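Shown next, in structure tokens, is the structure this report addresses.
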Amino acid sequence: MIANSTTNLVHDATFKPAPDSRIDKAMKAKLEDAYELARQRLVSAEDHLRTIFGVLTGPNPMPHFSLFTLVRGAAIPTVHARYLLDGTIDEQARLGRGLSARLENLKQQQKVHPEIQGTFFDERVEHLVKRAEGNRIAVIRSKNGVVLGFGGQWPTDTELFEKYVPDVGKTYFQYLSGYAHSLAWAQLPSHRAQPSDDPEISLVPTDVNVPVFAAVLSGALTLYDDTIGFYLGHGGYPPMVWAEAKKS
């Protein structure tokens with residue numbers, strides 16, 4: 001399902017990039033934030049995909065709903081990485097996206113660890129502001145002066161799926177989120193209902209709808225495959241490297 005060498009390839013593209021590649025130049029200038037964060041996201045995506053592979057090939061009974069949640073867990077970090085690796089932007093804009101991602105991380109961290117609110121949080125945000133200003137990246141603020149992003153705000157997951165999953169991105173994300181939030185419309189869809197002995201009661205099977213699951217998994221794998229290719233390309237690795245790795 002995914003090549004065994006994926007993690008090693010991404011590691012090599014990060015720490016052994018080809019001379020004068022985008023990652024090589026960013027590393028030497030100590031401006032590799034976006035690449036570091038994209039690598040972290042791809043490792044997370046691979047972890048979820050490997051878990052799916054283990055479930056599908058393992059001896060235990062097939063789960064009812066959790067495979068869809070695992071697909072969502074792989075797809076979200078992949079679209080984040082895809083946004084960070086976008087080939088249509090320059091490295092200044094890419095750094096801005098990396099700084100915006102770090103800002104979002106701080107915001108989410110303080111929700112779980114409110115004790116960082118105040119000095120630590122303010123100091124880290126100010127550090128990001130100085131890095132942005134030092135690299136001529138616009139600092140986006142609210143009317144009250146709160147820092148919202150660098151060069152632009154970090155997009156919502158829905159916006160990212162709309163951008164990087166052609167035609168069906170929003171619906172795709174919402175469908176997977178239905179499973180992640182244990183909503184009945186996703187887990188117990190009415191079109192699968194079957195009559196029971198009681199005319200007022202219908203039965204909905206909870207076994208995995210294999211064609212539907214195959215389709216959503218294929219979408220996540222395609223997105224992951226393309227994004228790994230983008231990452232290796234930024235490291236100066238030719239497409240044949242990833243093509244050969246997938247054969248193993």
Relative to the chain, whose Cα atoms define the longest principal axis, helix 210-234 and its Cα axis are tilted in degrees, nearest 10, by 10
With no solvent and one equal point scatterer placed on each C-alpha of the chain, evaluate the Debye formula and give log10 I(q)/I(0) for q = 0.09, 0.12, 0.13 Å⁻¹, two decimals. -0.48, -0.79, -0.90
Hey, how many Å between the Cα centroid of segment 85-121 and the Cα centroid of segment 148-191? 21
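What accessible area per residue comes out for the chain, rounded to a whole number of Å², with a 1.4 Å probe?
Roughly 55 Å² per residue, with all protein chains present.
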For the chain, built as a Gaussian network whose Cα springs stay under 10 Å, the top-fluctuating residue of Tyr83, Tyr231, Tyr175: Tyr175
Would you rank Thr7, Thr227 by solvent-accessible area, highest first, keeping every protein chain in place and using a 1.4 Å probe? Thr7, Thr227
Taking the alpha-carbon distance from Lys107 and a cut-off under 27 Å, which lysines remain once sequence neighbours fewer than 8 residues away in the same chain are dropped? Lys30, Lys130, Lys143, Lys163, Lys170
Amide H of Ser202 versus every other amide H placed in the peptide plane: which residues, excluding those fewer than 5 positions away on the same chain, fall under 5 Å? none
Extended-chain gain in nm, criterion 0.36 nm per residue less alpha-carbon gap, Asn60 and Leu106: 12.7 nm
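Thinking of segment 1-77 as a set of Cα atoms, what percent of all their pairs are more than 15 Å apart?
Working: 1817 of 2926 pairs.
Across segment 1-77, Cα pairs with separations above 15 Å total 62 percent.
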What residue among Ala75, Ala132, Ala215 has the largest mean-square fluctuation in a Gaussian network model of the chain, using Cα springs under 10 Å? Ala215
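Suppose R0 equals 41 Å; then what is the FRET efficiency for Glu91 and Gln187 from their Cβ-Cβ distance, rounded to the nearest 0.05? Before the final figure, lay out each step's value.
Details: r = 44 Å, r/R0 = 1.07.
Computed FRET efficiency for Glu91 and Gln187 comes out at 0.40.
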How many nm is it between the label spots at Asp198 and Asp20, if each spot is 7 Å from the Cα in line with the beta carbon? 7.5
Between helix 91-112 and the chain: long-axis angle, C-alpha atoms, 0 to 90°, nearest 10: 60
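How much length would be gained if the chain were fully extended between Arg141 and Ala29, taking 0.36 nm per residue of separation minus their Cα-Cα distance, in nm to one decimal?
Working: separation 112, 0.36 × 112 = 40.32 nm, distance 2.66 nm.
Working it through step by step, the gained length comes to 37.7 nm.
Compute the FRET efficiency between Met240 and Lys170 as 1/(1 + (r/R0)^6), taking r as their Cβ-Cβ distance and R0 = 30 Å, and round to the nearest 0.05. Walk me through the numbers on the way to the answer.
On the way: r = 34 Å, r/R0 = 1.15.
That gives a FRET efficiency of 0.30.
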Under the Karplus relation 6.51 cos²θ - 1.76 cosθ + 1.60, θ = phi - 60°, what is the ordered set of whole-Hz ³J(HN,Hα) values for segment 37-52, x standing for Gly and Pro? 6, 5, 4, 4, 5, 5, 5, 5, 4, 4, 4, 5, 5, 5, 5, 4
What dipole magnitude, in Debye to the nearest 20, does segment 93-245 give about its Cα centre under +1 on Lys/Arg Cβ and -1 on Asp/Glu Cβ? 1000
What list of ³J(HN,Hα) couplings, whole Hz, do you get for segment 26-36 from phi and the Karplus terms 6.51, -1.76, 1.60, once you set θ to phi - 60° and write x for glycine and proline? 5, 5, 5, 8, 6, 10, 8, 3, 5, 5, 4
Listed residues Lys28, Lys16, Lys170, most fluctuating in the chain (Gaussian network, C-alpha, under 10 Å): Lys28
Helix 119-134 vs. the chain, principal-axis angle (Cα, 0 to 90°, nearest 10): 60
Need the list of aspartates and glutamates near Lys246 for cross-linking: C-alpha distance under 20 angstrom, and skip anything on the same chain fewer than eight residues off. Asp12, Glu46, Asp47, Asp225, Asp226
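The values are calculated or read from the model by the stated rules, or taken from the named source; none is laboratory data. Computed from a predicted model, the values in this text were never measured in an experiment. Neighbour counts are summed over all protein chains in view; Cβ atoms, including those assigned to glycine, are modelled from backbone coordinates with ideal geometry. In case anyone asks, the SASA skips ligands and DNA or RNA and just uses the protein heavy atoms, side chains included. Shrake-Rupley method; radii C 1.70, N 1.55, O 1.52, S 1.80 Å.
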